[in-house]
Amino acid sequence: MSYFLQLLVSGIVVGSIYALAALGFVLIYKASRVINFAHGHFIAIGAFTAYALAVDFGVNIWIAALVVLVFTAIVAYFTERVFLKPLVGQPIISVIMVTIGLASVFGGLIHLTPYGSGNFSLPAFLPEGGVTFWGISVSYPQLLAVLFTAVFLVAFAWFFQRSTIGIAMRAVADDQMASMSLGVSVEKVFALAWAAAGITAAASGLIVGAISGLNLEGLVGIGLKVFPVVILGGLDSIPGAVVGGIIIGILENLAAGYLDAYIPGGGTGDVFPFLVLLLVLWFKPHGLFGTEEIERV
Amino acid sequence: MKNKRTLWALAAVLAMGFAAAEKVHIMWSGAITGPTSDAGKYYAQGIEDYCNYINDTGYVAGVEFVCEVRDDQYNNANTLRNFEEAVDRGDPIFLGYSTGGTLQLKPLIQEVGLPFIPASYHIGNIDPPDNDYIFLPIPSYSEQVIAILEYIAKTTPGAKVAMVVHPSPFGRAPVEDAKKAAAELGITIVEVQEASKNLDNTATLKRFENKGVQYIVYQNVAGPVATMIKDAQRLGLNIKHAGAHYAGGPDLLRLAGPAAEGFLWVTSYYMPDEDNDGARFVKELGAKYGRPADTIESVHYPSGMLAAAVAIEAIKEAKDAGKKISPETVYEALLKIDWPNKLAVGPVTYSKDDHVGVDMLRVLEAKDGRFVPITEPFSSQLFRKVHYGK
């Protein structure tokens, strides 16, 4: 039983990391219907900037982390202003192609820094080891991931339900033309969505960096791992991103724990969630919490 | 006036000397960016610096080496393009990188007869068919893993071992030979798990614990290994960890920190903090060409140097024998080479039946944040028995 509980808890914490990474992706999609293929690169920008500040400039890691949250938000904000704003009103496929291009440009720019190739380790900002209860062990970076996810979930829930800008974002997501006619600044909403996505990307970059070290390929890979999460949860649903992330995390762990031993080479943890994903999409094509769009002719 | 004439004469002689120097191209195609570039970056720097050193010292009279490091981004199609360019230009030797790229190029390498030295130590590179022109600088992954198993069997008779390997031909390379060797050694490989970049390895590690695993042997790169050994430490597991060349090294120490203590690692290269000519040479070269500490400390830096050095030695042999430098003459020279290099723990020797340069390796252990050798250099007879039936 403790084995099962350990796998369950590990799945929840890993799922929280996926959820944290997926939040930014969903924010952008929710506001602007743009699938951001450069999301993994924002994660990498956040993580490497924190590393540079802490290691190369000797800034306290906690201060560096705070600076990075702001910095990545600014980078994301201006990315939207410079590259995406001119595309408002253009076919969505054009915008998606631009995000693919941005991924390539950001990747190239990171390679121009000393951090593009190599493995790096963030200075320890959490104690070694972790918390153990009832024989279940969770590391401090994993706990921080759960905490971050919970904080962001609550903050975004409040933001979208209570704040004027949040409500404007929802309105824009629902109908851009109607929102504009009511005086909502669509451009401002888009830019703010990107900035918020930058904050969550930086947060997930810090967590991933603390767990598995900094490596460009690994960090960008987390950006790709959010795809099954957001498809399962629903592309435009913030609670869906969290639930989707946790489900994927749990499925990965249970499959690895119970099925790998019977499959030569193992690796079921990477495959099994996708099988479940296919099954869910069979019945819920918009994901568990995604908005069902019905077009009436 | 007389002095001026002398100067002009000297300049003319020098210019003639330079003009007479034969330019010999050596191309390396590997990952400076993209997957595995954490190793490829340093490997490329090793090639560049060794080449510059050779040119600066005039080691091969009448030859100026033009060493080109090309970033193929770990993409076989790019490797193929670079290789074809080298063939078309008439390069006498080619330095490769990845397992996938080398295995894919094997038939072409055989067809064009261009000697090829990869950074991949996959035994399949030098096994038939199409294996005449490929030369490994150090023992294969199979031999490295078997050497580790021999050490484990000696220290923990009857040990239960799990293997965690990269999900690729690179990772799977030593698995079959390791299983045969384990049977000979009386130890059990209870499971072989393929793993890439997991954020958490609790499920795998707890399963290993339930099966009574005492050692995990890795054939992987340092990043995923670091995550796994940190997870094992957090879970308080009484499991020891060991790995082949690319699994360990200073990168692992940097990523895993204290969790790397006790890690057993096999390689043929010296560590930068050792007191010997090889370690000193690497440090001096790194300092001479302005390399940062992380480059000088990386095991991939001398690895790149050795690959370039073997190529240059073979070219020198061909040149010294009065032959035209070509793929054919360099290949002939490689087959006869017996070079007491100082970059690795044994001499580089090849023959028609032996395409492994340095035959020796050592087991090292992570102690107090650095890898220290715990065996003398040795060669695994058991590997030859299980792989070649000798």
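Tabulated results
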item	result
The lone exception for A:Ala22 - which of (1) assigned to a helix (DSSP H, G or I); (2) free of Cβ contacts under 8 Å to residues at least 12 places away in the same chain it fails	(2)
Some residue of the range A:225-245 being closer than 30 Å to A:Gly166 by Cβ, within 21 Å of the chain's Cα centre (by Cα) and at pLDDT below 85	yes
Strands (runs of 3 or more DSSP E) within the range B:143-246 that include 3 or more residues at the interface with another protein chain (Cβ under 9 Å from one of its Cβ atoms) and among the small types (Gly, Ala, Ser)	none
Residue selected from the range B:70-88 under the condition over 17 Å from B:Pro115 (Cα atoms) and touching a residue at least 12 places away in the same chain (Cβ under 8 Å), by the criterion surrounded by the most Cβ atoms within 10 Å (Cβ to Cβ)	B:Asp72
The range A:8-44: number of residues that are within 12 Å of chain B (Cβ to nearest Cβ) and surrounded by fewer than 24 Cβ atoms within 10 Å (Cβ to Cβ)	3
Selection within the range A:76-86 - among the hydrophobic types (A, V, I, L, M, F, W, C) and buried (at least 19 other Cβ atoms within 10 Å of the Cβ)	A:Ala76, A:Leu84
Residues located in the range B:285-325, provided they are touching a residue at least 24 places away in the same chain (Cβ under 8 Å) and assigned to a loop (DSSP other than H, G, I, E, B)	B:Tyr289, B:Arg291, B:Ser298, B:Val299, B:Ile325
Top-ranked residue of the range B:31-52 - restricted to ones that are within 14 Å of chain A (Cβ to nearest Cβ) and polar (S, T, N, Q), ranked as farthest from the chain's Cα centre (by Cα)	B:Thr33
Subset of the range B:160-184 [surrounded by fewer than 21 Cβ atoms within 10 Å (Cβ to Cβ), touching a residue at least 40 places away in the same chain (Cβ under 8 Å) and more than 20 Å from the chain's Cα centre (by Cα)]	B:Lys160, B:Lys180, B:Glu184
The range A:226-246, subset out of contact with any helix residue (DSSP H, G or I) (no Cβ under 6 Å at 6 or more places or on another chain) and touching a residue at least 12 places away in the same chain (Cβ under 8 Å), residue farthest from A:Tyr18 (Cα to Cα)	A:Ser237
Residues of the range A:46-66 satisfying the condition of being of a type outside the set (S, T, N, Q), in contact (Cβ under 8 Å) with a residue 12 or more places away in the chain and either in contact with a helix residue (DSSP H, G or I) (Cβ under 6 Å, 6 or more places away or on another chain) or closer than 19 Å to A:Gly290 by Cβ (or both)	A:Gly46, A:Ala47, A:Ala50, A:Leu53, A:Ala54, A:Ile61, A:Ala64, A:Ala65
Test: B:Ile109 is surrounded by 20 or more Cβ atoms within 10 Å (Cβ to Cβ), in contact with a strand residue (DSSP E or B) (Cβ under 6 Å, 6 or more places away or on another chain) and within 30 Å of B:Pro327 (Cβ to Cβ)	yes
A:Ala73 being part of a helix (DSSP H, G or I), more than 20 Å from A:Gly118 (Cβ to Cβ) and within 16 Å of the chain's Cα centre (by Cα)	yes
Given (1) more than 22 Å from the chain's Cα centre (by Cα); (2) over 19 Å from A:Ser10 (Cβ atoms); (3) at pLDDT below 85, number of the condition A:Pro91 does not satisfy	(3)
Which numbered condition B:His387 misses (of (1) assigned to a loop (DSSP other than H, G, I, E, B); (2) over 29 Å from B:Ile32 (Cβ atoms))	(1)
Scope the range B:90-126; condition assigned to a strand (DSSP E or B) and under 19 Å from B:Thr36 (Cα atoms); matching residues	B:Leu95, B:Ile117
Per-region count, the range B:280-304, residues of a type outside the set (Val, Ile, Thr) and under 21 Å from B:Ile117 (Cβ atoms)	8
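The values are calculated or read from the model by the stated rules, or taken from the named source; none is laboratory data. Remember, it's a predicted structure, so these values are computed and weren't measured experimentally. Note: ideal-geometry Cβ built from the backbone for every residue, glycine included; neighbour counts use all protein chains shown.
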